[in-house]
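S.K.: Have a look at the structure that comes next, please.
Just so you know, all these numbers are worked out from the coordinates, no wet-lab data involved. The structure displayed is predicted, hence computed values, not measured ones. Positions of Cβ are generated from backbone atoms using ideal geometry, with glycine treated the same way; all protein chains shown enter the neighbour counts.
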Amino acid sequence: TPLTIKHLTLNNRIVLPPMALDIATEKGQVTHGLIEHYCRRTKGLGLIIVEHAYVSPEGKAHPNQLGIYDDNLIPGLSRLAAAIHQKGIPVGIQISHAGARAIQSSCAPSNIQSRYLKRYGESRNGRSKMACAKRIKQEDIPKMIHAFARAALRGKKAGFDFVEIHGAHGYLLNQFYSPLTNIRHDDYGGSLERRLRFPIEVVKAVRDAVGEEMPIFYRLGADDRLPYGTTLDDSIKAAAMLAEAGVDCLDLSGGICGYLKEGEEGFFSYLGKAIKPVVDIPVMVTGGIKTAEKANEIVAQKFADLVGVGRTMLKDPNWAYKEYVKLKQGNVYYERAKENNL
């Protein structure tokens with residue numbers, strides 16, 4: 001079923017969500033392998049969100065992460081967007097800052113050690129290096145907000161249909177939002193509203209940069225899934241605030257330690273079930289989706305408007321098309337059965 005978000009119309013509700021490949025150059029430039037990866041996964045999709053690109057050099061999370069921190073990167077990003085568009089699929093790009101999870105010169109909302117934030121190269125049980133992260137001074141925050149805005153404008157110039165701001169999986173905006181990693185006592189810490197102030201200001205700055213017509217997505221870490229962390233009740237309020245600030249679509253995820261890999265298909269659908277009723281914008285969920293039947297169920301139950309299918313499509317680039325054909329064949333069989341009173 002089609003869905004329109006501002007001027008952008010999708011043919012169906014299946015999304016290839018952002019997943020870090022780490023196959024850009026060391027300077028964050030687009031490679032042939034990156035373009036090929038996305039183009040191989042366009043068949044049968046409604047939308048693609050390109051993996052998170054770092055908005056400033058100090059916000060880099062992986063050695064070969066895609067970058068969007070400099071105008072010199074626009075030509076490569078333009079080739080990527082154009083190649084996907086040639087396949088007939090709308091595409092956006094996710095922009096991020098790693099904060100305490102950055103591989104160099106890391107910074108954080110608070111100068112605390114946290115086992116919840118894993119940096120590149122650390123084992124899951126390894127000691128976190130967040131204690132080495134520099135606490136961001138309040139007077140430096142506008143410069144970081146500007147970096148997001150400039151990155152979003154580069155995305156627009158490169159021809160992407162929208163930008164998605166990464167506020168999940170333990171990266172900088174998630175670090176400000178979570179009480180586990182934000183113990184500030186100034187305008188950017190304490191209450192839910194103050195912890196969300198930095199993300200809201202980023203959204204507004206991005207809106208000013210890209211204009212009113214370009215959709216803005218926001219990936220919200222809606223549940224830390226840890227004691228004393230961000231809860232679903234917090235995010236019900238935060239979702240309404242983000243929508244009011246100018247977000248056009250909420251991409252819901254959870255787990256401040258990073259992306260969760262759990263066994264139950266659709267394990268993040270409970271986030272959409274709680275949040276979708278309180279906002280008037282489309283909602284997307286991910287979480288181990290493996291079948292079109294489950295994806296349809298999530299949409300039919302009005303838990304979400306869009307369903308992200310990531311790791312399943314990493315394994316099978318043609319998954320979306322195969323599932324579409326399977327469903328169409330099923331409908332044909334159903335119609336024939338009706339005709340024959342079966």
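S.K.: Mind listing the long-range amide H neighbours of Arg225? Cut-off is under 5 Å, sequence gap 5 or more, other chains count too, H placed in the peptide plane at 1.01 Å from N.
M.R.: Gly255
S.K.: Taking θ = phi - 60°, what integer Hz values does the Karplus form 6.51 cos²θ - 1.76 cosθ + 1.60 yield along the range 312-319, in sequence order, with x for Gly and Pro?
M.R.: 5, 7, 5, 6, 9, x, 9, 4
S.K.: Under a crude label model (7 Å from the Cα following the beta-carbon direction), how far is Gln86 from Lys294 in nanometres?
M.R.: Placing both labels 7 Å along Cα→Cβ, they lie 3.4 nm apart.
S.K.: Treat every Asp and Glu Cβ in the range 203-261 as -1 and every Lys and Arg Cβ as +1, leave all other atoms uncharged, and give the resulting dipole magnitude about the Cα centre to the nearest 20 debye.
M.R.: 240
S.K.: Can you work out the FRET efficiency for the pair Lys315 and Thr4, with r the C-beta to C-beta distance and R0 = 30 Å, to the nearest 0.05?
M.R.: The pair Lys315/Thr4 has a calculated efficiency of 0.45.
S.K.: I would also like to ask the following. For the range 117-256, what's the relative contact order in percent, using C-alpha pairs closer than 8 Å and at least 6 residues apart?
M.R.: 26
S.K.: Go ahead and estimate [θ] at 222 nm for the chain from helices alone: -39,500 (n - 2.57) per DSSP H run with n ≥ 4, summed, over the residue count, rounded to 500.
M.R.: Result for the chain, helices only: -10000 deg cm²/dmol.
S.K.: Going by average Cβ density within 10 Å per residue, which order do the peptides 27-33, 77-83 take, highest to lowest?
M.R.: 77-83, 27-33
S.K.: Can you pull the one-decimal nm distance between simple spin-label points at Glu212 and Glu193, each 7 Å off the Cα toward Cβ?
M.R.: 2.7
S.K.: Please list the three semi-axes, largest first and in whole Å, of the ellipsoid equivalent to the chain, using sqrt of 5 times the eigenvalues of its alpha carbon gyration tensor.
M.R.: The three semi-axes for the chain are 33, 22, 19 Å.
S.K.: Among Ser235, Thr42, Pro90, which residue has its Cα positioned farthest towards the positive end of the charge dipole of the chain, with +1 placed on the Cβ of Lys and Arg, -1 on the Cβ of Asp and Glu, and the dipole taken about the Cα centre?
M.R.: Thr42
S.K.: Same structure, new question: Taking amide H positions as placed in the peptide plane 1.01 Å from N, state which residues far from Gly190 in sequence (5 or more) or on other chains have amide H under 5 Å from it.
M.R.: Arg184, Arg195
S.K.: Going by amide H atoms built from the backbone, whose H comes under 5 Å of the H on Ala108, apart from near neighbours?
M.R.: So Ala108 has HN proximity to Lys134, Arg135, Ile136.
S.K.: Taking 0.36 nm per intervening residue step and subtracting the Cα-Cα distance, what contour gain separates Asn11 from Ile183 on full extension?
M.R.: So the extension gain works out to 57.5 nm.
S.K.: For the range 266-277, in order, what is each residue's ³J(HN,Hα) by Karplus, 6.51 cos²θ - 1.76 cosθ + 1.60 with θ = phi - 60°, in whole Hz (x at glycine and Pro)?
M.R.: x, 6, 9, 5, 5, 5, x, 4, 7, 8, 3, x
S.K.: Continuing with this model, one more query. Under a point-charge model restricted to the Cβ atoms of Lys and Arg (+1) and Asp and Glu (-1), what is the dipole moment magnitude of the chain relative to its Cα centre, in debye to the nearest 20?
M.R.: For this selection, approximately 760 debye.
S.K.: Same structure, new question: Pick out, from His146, Ala102, Ser178, the residue whose Cα sits farthest towards the positive end of the charge dipole of the chain, with +1 on the Cβ of Lys and Arg and -1 on the Cβ of Asp and Glu.
M.R.: Going by the Cα projections, it comes out as Ala102.
S.K.: Further question: Lys/Arg Cβ at +1, Asp/Glu Cβ at -1, dipole of the chain taken about the Cα centre: which of Gly255, Gly221, His32 is farthest positive-ward?
M.R.: The Cα lying farthest towards the positive end belongs to His32.
S.K.: For the chain, what is the relative contact order in percent, using Cα pairs closer than 8 Å and at least 6 residues apart in sequence?
M.R.: About 16 percent, as a whole number.
S.K.: How much length is gained on full extension from Arg225 to Lys204, taking 0.36 nm per residue of separation minus their Cα-Cα distance?
M.R.: Value of the extension gain: 4.8 nm.
S.K.: Please list, in order, the residues from the range 289-306 whose amide nitrogen is less than 17 Å from a point placed 7 Å along the Cα→Cβ vector of Ile236.
M.R.: Inside the label zone: 303-304.
S.K.: Provide the percentage of antiparallel DSSP beta bridges, counting only those with both residues in the chain; round to the nearest 5.
M.R.: 10
S.K.: Give the angle, between 0 and 90 degrees and rounded to the nearest 10, that separates the Cα long axis of helix 232-245 from the longest principal axis of the Cα atoms of the chain.
M.R.: Between the helix axis and the principal axis of the chain, the angle is about 90 degrees.
S.K.: Given the Cα-Cα distance of Asn111 and Val278 and 0.36 nm per residue of separation, how much length would full extension add, in nm?
M.R.: Between Asn111 and Val278, full extension yields 56.7 nm more.
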